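The values are calculated or read from the model by the stated rules, or taken from the named source; none is laboratory data. For clarity, every value in this text was computed on a predicted model and none was experimentally measured. Backbone-built Cβ (ideal geometry, glycine too); neighbour counts: all protein chains shown.
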């Protein structure tokens, strides 16, 4: 009926040739979109002395960040036809021609007292308008962090999602020593692998680092006394305390979203089960009781559920249970091996290690559709961990018998090894946003 | 006289000559009596003179008296006569010459006549032969003519007969044809009559039927017209739909939607175009609440600029567009 009347209206419009305005403009519904990366150009930043330009190339760091996220397709500077440093220098036609939707220009200035002022502008090329722009004072030591911060601002402006470039990653390294023993270390680095810092070292295994929700503390398993214990350590002060040292296994600590509790795996009663430790009250509450192995617990972001790995079905699969206890529910059915699961920040996905043929790879399960997407393509990929914005997953992979860290965008399109790695690097844990 | 002369020229000439001789002898003979000069030459004349001599003697005696009186006169007259005679002689010679000439002429004429006669005879003979020949030829000709005529006649008759036969045949055929035609016509007429009768009979029913059919046809036409109109508007709608589809495709192909924004977002734009599809303005009429999402749809429109639109009047429907961006997923 509406269609018919619209037809009539159209005829009327056609008859009244010169009629410009009419009552009901045509409405077209646009439902499909490309899911490709957004084309963006980060023009090389300029330098305004006095003195030597800083060794860190801000625009390159931004470019690499954006590219690594998988959300952007950046333009190599060799393909650019202009190198503007300020908005006044920009001719948008240049960038439109190159198919760029966004453009970042900027420059680094010396503040005269050994520090810098980094100024940048982000433009919408098609509308020819500035979307954001800041002047950020920084120091030589913080130049990388400033660059990541700019990346976050750009990322958030263009994707509507908070950036996770200025975040950090904890991981365990294992370096063979001349003595024949190995030096094990818990380290924290920038999300791109730069600026690694050692939190704790040991000659005995260190395992399962877990960030507190405020990003200030790390829980981990240490075998330093010959048997596994769970420690909580403040990242900046190095202050630590042992929170679990029961008979048998003490493993796989996981912070509740409110930071008050730890879920962990204990075998004090015989076989490994999931327990919840109240950190303030120091009380322990069993969550699962089963003769099969229950381990690797993880909280849902809302704190209502805990997922874990159990072989009660004969093979390791992921189960879910209310964090207050109750009936366990199996949630993975695809593949014969699924383990080491954790929630995405929005709680809609879980990432885990899944066996594909003879390979162990990183998969993402959509909890709404129960569709499994395999993100990685290694032979022995392990310990996946979501970035705090859910855009990427960091994991350990084995390359030529050496364990390394890699990051993959959540759509699986962009994979990147993290830089500056020495020795075996395992068990990465992406830090939450700092509070 | 002429006819006499013509008929008996010799007799005439003899008569004239005789008369002349008599006269001459009358005057000259006295003188000449002592001298019978030419008794022999004119025996007849002498005889005649003898018969007439008595008369003449009497006369001469009587005359002798007159003559003596008249002797001088006579002398003179004699001289005149002599002269005249002389003259006559001359004239006579002339006459003789003329006569001779005439004679030769006559002879020639006679000859000529004979010749002519001969010629005539010959001619006559020739003519007779000719006539005979002619007659024969004529006869022959006539016979041939008769024969020819007969043949011609025969032929003519044959042709005629043939012609007649043909004509007859034709006539008969025509007649037959005519008859057949007439029969046919008659039959056709009969059929027509019957048909008409049937028609008339049927018409009553048919009229009813026709009216119904007409009504049906009218209805059908109305339906067809309506369908046509609908098709036309559909065609326009189809054209419009094609452009709508093309616009949709072009914008969708240019829409890089940030997957990072929450699901279920949608956004409405008002786009103004100029003929040719150039984008003049893009206005967000209902924001999705996400700047990134809103920007992605605006950018999609700008990147799709110019949009495919119809040429001419069809463009008007596309001048103002509402674009609803509602991701299906």
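If you filter region A:336-354 down to residues that are without any contact (Cβ under 8 Å) to a residue 40 or more places away in the chain and part of a loop (DSSP other than H, G, I, E, B), you find that the one that is farthest from residue A:408 (Cα to Cα) is A:336. All of (1) more than 21 Å from residue A:77 (Cβ to Cβ); (2) in contact with a helix residue (DSSP H, G or I) (Cβ under 9 Å, 6 or more places away or on another chain) hold for residue A:178 with one exception: (2). From the list B:99, B:7, the lone residue that is touching a helix residue (DSSP H, G or I) at 6+ places or on another chain (Cβ under 8 Å) and modelled with pLDDT of 70 or more is B:99.
Residues in region A:364-381 that are within 16 Å of residue A:428 (Cα to Cα) and either modelled with pLDDT of 95 or more or crowded, with 21+ Cβ neighbours inside 10 Å (or both): A:376, A:381.
In the condition set (1) more than 28 Å from residue A:414 (Cα to Cα); (2) surrounded by 14 or more Cβ atoms within 10 Å (Cβ to Cβ), residue A:57 is compliant with all but (1). Mind checking whether some residue in region A:119-126 is part of a loop (DSSP other than H, G, I, E, B) and crowded, with 18+ Cβ neighbours inside 10 Å? Looking through region A:119-126, at least one residue is part of a loop (DSSP other than H, G, I, E, B) and crowded, with 18+ Cβ neighbours inside 10 Å.
Going by the structure shown, is residue A:69 modelled with pLDDT under 90 and surrounded by 15 or more Cβ atoms within 10 Å (Cβ to Cβ)? Criteria met by residue A:69.
Here's the yes/no breakdown for (1) surrounded by 13 or more Cβ atoms within 10 Å (Cβ to Cβ); (2) more than 30 Å from residue B:56 (Cα to Cα); (3) touching a residue at least 12 places away in the same chain (Cβ under 8 Å):
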residue: B:69; (1), (2), (3): no, no, no
residue: B:75; (1), (2), (3): no, no, no
residue: B:99; (1), (2), (3): yes, yes, yes
residue: B:131; (1), (2), (3): no, yes, no
residue: B:136; (1), (2), (3): no, yes, no
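Taken over region A:355-405, the criterion of being over 17 Å from residue A:335 (Cα atoms) and assigned to a loop (DSSP other than H, G, I, E, B) is satisfied by A:368, A:387, A:388, A:389, A:390, A:391, A:400, A:401.
Picking from A:288, A:237, A:265, which residue would you name as being surrounded by 18 or more Cβ atoms within 10 Å (Cβ to Cβ) and not in a strand (DSSP E or B)?
It is A:288.
When we screen A:213, A:137, A:205 for residues that are modelled with pLDDT of 90 or more and under 17 Å from the mean Cα position of the chain (by Cα), the only hit is A:213. Going by the conditions given, is residue A:178 in a loop (DSSP other than H, G, I, E, B) and more than 27 Å from residue A:68 (Cα to Cα)? Yes, satisfied. Selection of region A:406-419 for residues being in a strand (DSSP E or B) and under 16 Å from residue A:167 (Cα atoms) yields A:406, A:407, A:408, A:409.
Within region A:82-90, can one find any residue that is within 14 Å of chain B (Cβ to nearest Cβ) and either in contact (Cβ under 8 Å) with a residue 40 or more places away in the chain or within 30 Å of the chain's Cα centre (by Cα) (or both)? No - not one qualifying residue is present in region A:82-90.
Applying the criterion of being more than 17 Å from residue B:298 (Cα to Cα) and surrounded by fewer than 22 Cβ atoms within 10 Å (Cβ to Cβ) to the residues of region A:94-106, the residue that is farthest from the other protein chains (Cβ to nearest Cβ) is A:94.
Here's the yes/no breakdown for (1) under 24 Å from residue B:258 (Cα atoms); (2) within 14 Å of chain B (Cβ to nearest Cβ); (3) assigned to a helix (DSSP H, G or I):
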{"site": "A:144", "(1), (2), (3)": "no, no, yes"}
{"site": "A:163", "(1), (2), (3)": "yes, yes, no"}
{"site": "A:169", "(1), (2), (3)": "no, no, no"}
{"site": "A:173", "(1), (2), (3)": "no, no, no"}
